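What follows is a short report on a single structure.
The values are calculated or read from the model by the stated rules, or taken from the named source; none is laboratory data. Quick caveat, the model's predicted, so the values are computed rather than measured. All Cβ positions, glycine included, derive from the backbone under ideal geometry; neighbour counts span all protein chains shown.
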Amino acid sequence: MKAKKDRAFLWMVVPAFILFFAFHTFPVLQGVFFSFTDYKGYGSWDFTGLKNYFNVFQDTRALSAYGFTFQFAIIATILVNIISIFIALGLNANIKFRKTLRATYFIPYILSVLIVSYIFRFIFTHVLPDIGSSLGIEAISTNILGNPDLAWIGIVILAVWQAAAFNTLLYLAGLATIDQQVYEAASIDGANAWQTFWKVTFPLVAPFFTINMVVAMKNFLMAFDQIVGLTGGGPGTSTESISLLIYTSGLGGGQFAYQSANAVIYFIVIVVISVFQLRVLERREAK
Amino acid sequence: MSGLKINWKITTLLILGTLFILFPLYLTIVIAFKTPEEMGGNLLALPESWSFDNFLTAIEVTNFYQSFFNSLIVTVASVVMAILIHSLVAYAIARNIHKKFYKFLYIYFISAMFVPFPIIMLPIVKQTSFLGMDNLLGLAFLTIVMHLALNVFIYVGYVKTIPIALEEAATIDGASTWTTFWKIIFPLMTPMHATVGILTALAAWNDFMLPLIVLSDESQYTLPLVQYAFQGQFSTNYNLAFASYLLAILPMIIVYIFAQKWIIGGVMRGSVK
């Protein structure tokens, strides 16, 4: 009886395990394996040891991709969390049209990131410069996506517009867990809105803050669709993210092995950052 | 808080904020209806006539019905497989989590959430074409593999809240583990089926990267991939491009208008877990 039951449970997980191993773990292992070779994606190959890894660290294009991705991810993560928390606080207040407003703020989440990026590209290249020059505002009268120093701002704006929807919802879920009596107690104690937020609300939604920071950062570090849609990595390679670099050079540029090494480094970077964030933020929570 | 009076200041601020959300959508509609001649004037003005010509051209040029159908196949296949397979896996894991093997399996699956896709990307292209999986069905399989971690995580959290007594009673009545799952547990997991279904459907429908690297035959392109493939042609005709974008996002917007409460509720339930 017990054995039969155990066998049944085993059969429930084995097919999924095989599928997962074949199409997730096995490709990861292949990637790691080829990162120690000179494989171009076709033809013969030889082992080259750690050569690819050393080369990535001296590759200005790879380093600039890391630089851009970090800059973009950090700024977008911070902005998206600040904006989301404010929208969530607003939606959680005693407002009119709550359901409609909530539904409206959530719209970006259901849309294809790539298509939204194409729409934003048109806004940045045509609509904003039009408005800028007719109002005489110098700063937006030219296409920011065409400027290597400013193009990243366009990507941040799009990414925040898109990601705020989901983060707002997470914060709303967090705010819903707070007992109203806590607020009443705070107001009886004479706390103002600012104090209430920092001393009462924020500590109580801290676990959601942790999750939001980690998830947002991880997603932004993997940015791909936004960049393909907005700039294609340009002008030049000024907005090339790590994902995009691995895609273009790894599949089209005959750098299968070299970009695999880059992907392994990228993987390690993401794990280290996520673990670091969890540690630091959870310590904050504990305080 | 229902007894308190309405906070109009915050209401007004939030309404103003929605302008940022709605502006790109407004622009998309306006441009999609205009003619190329009207593009010289004020871009934000309403079109002179509401003609559907751009849409008819876009449907023809991009083979819209075909790509809509392709997106639908991948989405439906992914959702059905995710609900059947992931719930089963999560049930077995949740009920045996005290055993080393299942505990290991759980951590093994969940850790996939931190594996960036690019490390899989290059090998998976070779693997899918080698196995003849560079088609819609292969794409659906890969979609559920990529979403296994999150979905199993959501399901396991929920199964833990289902009292085990129900299953013990069923076992005493002579029901097998499989019967118990399909007859008792699977129906009880309905709220999470909704959550997993919604998350998987949105991900599969809007996905770009996986179709981009997996699909090789143009007739199998999904809606986002078609927009990408037609960029060259679109750059000379924005009105055609925006008509095509609008057509591509419209199905999801229509679904959202009718099911927004359900969709938001589903996503929110997944996030509290």
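Before moving on, here are some points about what is shown:
- Residue list for segment B:46-70, restricted to those being away from chain A (no Cβ under 14 Å), among the aliphatic types (A, V, I, L, M) and touching a Leu at 6+ places or on another chain (Cβ under 8 Å): B:Ile59, B:Val61
- Here A:Ala223 passes the criteria (1) outside any helix (DSSP H, G or I); (2) surrounded by 22 or more Cβ atoms within 10 Å (Cβ to Cβ); (3) over 14 Å from the mean Cα position of the chain (by Cα) except the one numbered (3).
Conditions tested, residue by residue: (1) in contact (Cβ under 8 Å) with a residue 12 or more places away in the chain; (2) closer than 27 Å to B:Val226 by Cβ.
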| residue | (1), (2) |
| --- | --- |
| A:Ile75 | yes, no |
| A:Ala88 | yes, no |
| A:Asn92 | yes, no |
| A:Lys96 | no, no |
| A:Tyr109 | yes, yes |
| A:Val127 | no, yes |
| A:Ser141 | yes, no |
| A:Gly154 | yes, yes |
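- Out of B:Ile21, B:Ile31, B:Ile73, sole residue that is under 23 Å from the mean Cα position of the chain (by Cα) and at the interface with chain A (Cβ under 10 Å from one of its Cβ atoms): B:Ile21
- Subset of segment A:211-225 (residues that are within 27 Å of B:Ser235 (Cβ to Cβ) and more than 10 Å from chain B (Cβ to nearest Cβ)): A:Ala223
- All helices (runs of 4 or more DSSP H) inside segment B:81-194 with 3 or more residues being hydrophobic (A, V, I, L, M, F, W, C), within 11 Å of chain A (Cβ to nearest Cβ) and within 27 Å of A:Phe267 (Cβ to Cβ): B:87-95, B:100-110, B:117-130, B:136-159
- Residue check for A:Phe21: more than 13 Å from chain B (Cβ to nearest Cβ) and either out of contact with any strand residue (DSSP E or B) (no Cβ under 7 Å at 6 or more places or on another chain) or closer than 25 Å to B:Leu210 by Cβ (or both): no
- Test: residue in segment A:106-118 that is over 21 Å from the mean Cα position of the chain (by Cα), within 14 Å of chain B (Cβ to nearest Cβ), at pLDDT 90 or above and under 22 Å from B:Ile253 (Cα atoms): no
- Some residue of segment A:236-248 being surrounded by fewer than 16 Cβ atoms within 10 Å (Cβ to Cβ), under 18 Å from the mean Cα position of the chain (by Cα) and in a helix (DSSP H, G or I): no
- Among the candidates A:Pro203, A:Pro207, residue that is surrounded by fewer than 22 Cβ atoms within 10 Å (Cβ to Cβ), touching a Lys or Arg at 6+ places or on another chain (Cβ under 9 Å), more than 9 Å from chain B (Cβ to nearest Cβ) and part of a helix (DSSP H, G or I): A:Pro203
- Restricting the first member to segment A:173-195 and to residues that are within 30 Å of B:Gly270 (Cβ to Cβ) and without any contact (Cβ under 8 Å) to a residue 40 or more places away in the chain, and the second to residues that are in a helix (DSSP H, G or I) and among the hydroxyl-bearing types (Ser, Thr, Tyr), the beta-carbon pairs closer than 7 Å and six or more apart or on different chains are A:Ala173/B:Ser271; A:Ile178/A:Thr201; A:Tyr183/A:Thr196.
- Residue list for segment A:143-180, restricted to those being more than 11 Å from chain B (Cβ to nearest Cβ) and of a type in the set (S, T, N, Q): A:Asn143, A:Asn147
- Scope segment B:178-226; condition without any contact (Cβ under 8 Å) to a residue 24 or more places away in the chain and either surrounded by fewer than 21 Cβ atoms within 10 Å (Cβ to Cβ) or not β-branched (Val, Ile, Thr) (or both); matching residues: B:Trp178, B:Thr179, B:Trp182, B:Lys183, B:Ile184, B:Pro187, B:Thr190, B:Phe208, B:Leu212, B:Glu218
- All positions within segment A:50-105 that are part of a loop (DSSP other than H, G, I, E, B) and either among the β-branched types (Val, Ile, Thr) or at pLDDT 95 or above (or both): A:Ile95
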